[in-house]
Amino acid sequence: MTIANACLLGVCVLLADAPALKLRASGIGAAAAASPMTIELVRWSTDVERASLMKALSAPPPPPPTPVGPGPAGTSAAGRGLRGRGPAPPPPSPLMRLTAAIKSAPTVGFIWGDGPTGFSIKYAWRAAASDGRERIVLVTDRRIGANSTSWPAAKGAAADADFTVLEMRIDGKGGEAKLSLTAPVVVDTAANTLALDASVDAPALLKVTR
């Protein structure tokens, strides 16, 4: 078996002749004008890698209360601590934490389009869906379509997100995929994965074939 070295933006991984997953995808609906893409997965994410991303998006525990006590000359400990300093910066938002976790995750594959670089896949998960098809979730480290008018404009928090979540349902021939451009990203606790919010009636943007 031959091993080839694939490099993207300075990140290199080993690609074997037989990838863990290889799919073709073409735009449909609002993304019908988008260029076709090839999805090549080297491996699936580990349990540890999945837990890291899910933890980043989950709500953190509330910080402990700041103790307040009397200080000299009638001042309080809290007053002394804040004197001469501004308020503490707010904690990072779930979107900021998830973005950082995605950027630092290992590359497990690539999505190639008509551009010179493509997209690194930082998370890959699969499971059997209730309808008998396969459910697959992929996360790229950049927003697909960010610099192209062929893709629909991102909505809500996705407009500020520097990543893309793709969720697809496929069978032996292929299927369709929805993207986080039009659906919020959530933690699916039942399936134990990042996913798109199933309560949002988001349209499929990609037709996927094997």
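Tell me yes or no: at least one residue of region 42-49 is modelled with pLDDT of 70 or more, touching a Lys or Arg at 6+ places or on another chain (Cβ under 6 Å) and surrounded by 14 or more Cβ atoms within 10 Å (Cβ to Cβ).
no
Residues being touching a residue at least 24 places away in the same chain (Cβ under 8 Å), in a strand (DSSP E or B) and of a type in the set (G, A, S): count how many of those fall in region 113-149.
Counting residues in region 113-149 that are touching a residue at least 24 places away in the same chain (Cβ under 8 Å), in a strand (DSSP E or B) and of a type in the set (G, A, S) gives 3.
Could you tell me which of the residues V165, V185 is under 20 Å from I28 (Cα atoms), under 17 Å from the mean Cα position of the chain (by Cα) and not basic (K, R)? Working first, answer last.
Working: V185 fails: under 20 Å from I28 (Cα atoms).
Exactly one residue qualifies, and that residue is V165.
Of all the residues that make up region 23-40, how many are in contact (Cβ under 8 Å) with a residue 24 or more places away in the chain and either surrounded by fewer than 16 Cβ atoms within 10 Å (Cβ to Cβ) or more than 18 Å from I121 (Cα to Cα) (or both)?
Count: 12.
Of the conditions (1) part of a loop (DSSP other than H, G, I, E, B); (2) at pLDDT 95 or above, F110 clears all except one; give me its number.
(1)
Can you name every residue in region 150-190 that is touching a residue at least 60 places away in the same chain (Cβ under 8 Å) and farther than 17 Å from V208 by Cβ?
Passing the criteria: S150, P152, A157, D160, A161, D162, F163, V185, V186, V187.
Select from region 187-210 the residues that are of a type outside the set (D, E, K, R) and crowded, with 16+ Cβ neighbours inside 10 Å and list them in ascending order.
V187, T193, L194, A195, L196, A202, A204, L205, L206, V208
The values are calculated or read from the model by the stated rules, or taken from the named source; none is laboratory data. Just so we're clear, the structure is a prediction, and the values are computed from it rather than from any experiment. All Cβ positions, glycine included, derive from the backbone under ideal geometry; neighbour counts span all protein chains shown.
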